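Notes follow the structure.
Bear in mind that the values in this text are calculations on the coordinates, not laboratory data. Keep in mind that this is a model prediction, so the values were computed, not measured. Positions of Cβ are backbone-derived with ideal geometry, glycine not excepted, and every protein chain shown enters the neighbour counts.
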Amino acid sequence: MEDMISRIVDMDKKARSMTDEAQKSKIDYEQQIIRTKEKIKNDYLERAKKRLEINEQNIRKNADEKLNALEVQNKTIIEKLDKNYSENGDKWVDRIVDRVVNQSL
């Protein structure tokens, strides 16, 4: 009888030990899952930041190119206007004065 009680106590100890180990393994796996989840999240955020930096550089480059093209276009237009004014400015002033004077009479 004592032998049977001793076996039951030993089996209970083993069962408790197995339960404790299973519980410890469960906690370890949960912590590992949390760490892996954080690593995946951080990796994703890091890749997203790098993509944003690349996109920002491309957008700035395109904007600078468009700005330069507009500046060249504006410079050309201003040069044409200045040339046109240089060639015709005196005629325009004379015509305006002539129309004002003739209309007043």
Quiz prompt | Read-out semi-axes √(5λ) of the Cα gyration tensor in Å, derived from the coordinates shown; its label in [x] 23, 17, 12; [y] 19, 15, 13; [z] 96, 14, 4 | solution = [z]
Practice problem: Go through segment 15-32 residue by residue and turn each phi into a ³J(HN,Hα) via Karplus (6.51, -1.76, 1.60, θ = phi - 60°); whole Hz please, and just put x for glycine and proline. | Solution: 5, 5, 4, 5, 5, 4, 5, 5, 5, 5, 4, 4, 4, 4, 5, 4, 5, 5
Quiz item: Can you list the lysines whose alpha carbon is less than 16 Å from that of K39, not counting same-chain residues fewer than 8 positions off?
Solution: K49
Self-check item: Residues D10 and E30, FRET efficiency given R0 of 35 Å [Cβ-Cβ distance, rounded to 0.05]
Solution: 0.70
Exercise. Check cross-link reach from K14 to the lysines: straight Cα distance under 29 Å, and skip same-chain residues fewer than eight apart.
Key: K24, K26
